[in-house]
1. What FRET efficiency do you get for residue 35 and residue 136 if R0 is 22 Å and r is their Cβ-Cβ distance, rounded to the nearest 0.05?
2. How large, in percent, is the carbon and sulfur part of the accessible surface of the range 42-159 at a probe radius of 1.4 Å?
3. Can you figure out the FRET efficiency of residue 146 with residue 13, using R₀ = 25 Å and their beta-carbon distance, to the nearest 0.05?
4. Could you derive backbone 3J(HN,Hα) for the range 20-30 from the dihedral phi with the Karplus parameters 6.51, -1.76 and 1.60 (θ = phi - 60°), listing whole Hz in sequence and x where the residue is Gly or Pro?
5. Would you kindly derive the ³J(HN,Hα) couplings of the range 121-127 from the backbone phi angles with the Karplus curve 6.51 cos²θ - 1.76 cosθ + 1.60 (θ = phi - 60°), listing them in order in whole Hz, with x for Gly and Pro?
6. Over the chain, with the other protein chains present, what is the accessible area per residue in square angstrom, probe 1.4 angstrom?
7. Which residue, 16, 83, 144, tops the fluctuation ranking in a GNM of the chain built on C-alpha contacts under 10 Å?
8. I'd like the distance separating the alpha-carbon centroids of the range 97-151 and the range 22-61, in whole Å.
Amino acid sequence: MKNSVEILGSKIKKASVGIKKLNEKAVIPSYGSEFAAGADLYACTDGVTEIKPHQTVMVPTGIALELPLGYAGLIYARSGLASKKGLAPANKVGVVDCDYRGEVKVALHNHSEQAQTVDPGERIAQLVITPYLMAEFIEKDGLSETSRGAGGFGSTGSK
């Protein structure tokens, strides 16, 4: 795969991601448009999955990933599924580490008051591949001063 692709005069970096189907019915993630940041993840189930109100169900995708070193896969809600059915990842953002080789599953939570269903092959979440930095945490007796200081939630005001 090329390291980058040019779109509208700008280069977008690409990374090769290994993928293994763990189930013959699995669908390879795909992008909904040429500018989409997230690739759709698909339910890989034998039948319709019911998710009761305020229940969380682990929905398999039938795939495993081999992400490049220094990259993570972030699993986000699909806006249509979240706004129309109330279904979104229970942990808000799932993280697939680059050393994980097991099946990618989505912990779908039903935020609605009605039971919802997920069909086999339905798009259930989106996967964003992103680089990350590993921090070296250095314990100190004091930290540098800033104008914000220790001001927490809401301390910068609202506009």
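1. Numbers: r = 35 Å, r/R0 = 1.60.
About 0.05, to the nearest 0.05.
2. With neighbouring chains kept in place, the figure for the range 42-159 is 53 percent.
3. Efficiency, rounded to the nearest 0.05: 0.20.
4. Taking θ as phi minus 60°, the curve returns 10, 7, 8, 9, 4, 7, 4, 10, 5, x, 9 Hz for the range 20-30.
5. Each residue of the range 121-127 in turn: x, 6, 6, 10, 6, 10, 10 Hz.
6. Result: 68 Å² per residue.
7. Looking only at 16, 83, 144, the biggest GNM fluctuation is shown by 144.
8. 17 Å
The values are calculated or read from the model by the stated rules, or taken from the named source; none is laboratory data. Nothing here was measured: the structure is a model prediction, and the numbers come from that model. So basically every Cβ, Gly included, is an ideal-geometry build from the backbone, and we count neighbours across all protein chains shown. Protein only, heavy atoms only, side chains kept; ligands, DNA and RNA dropped before computing areas. Shrake-Rupley method; radii C 1.70, N 1.55, O 1.52, S 1.80 Å.
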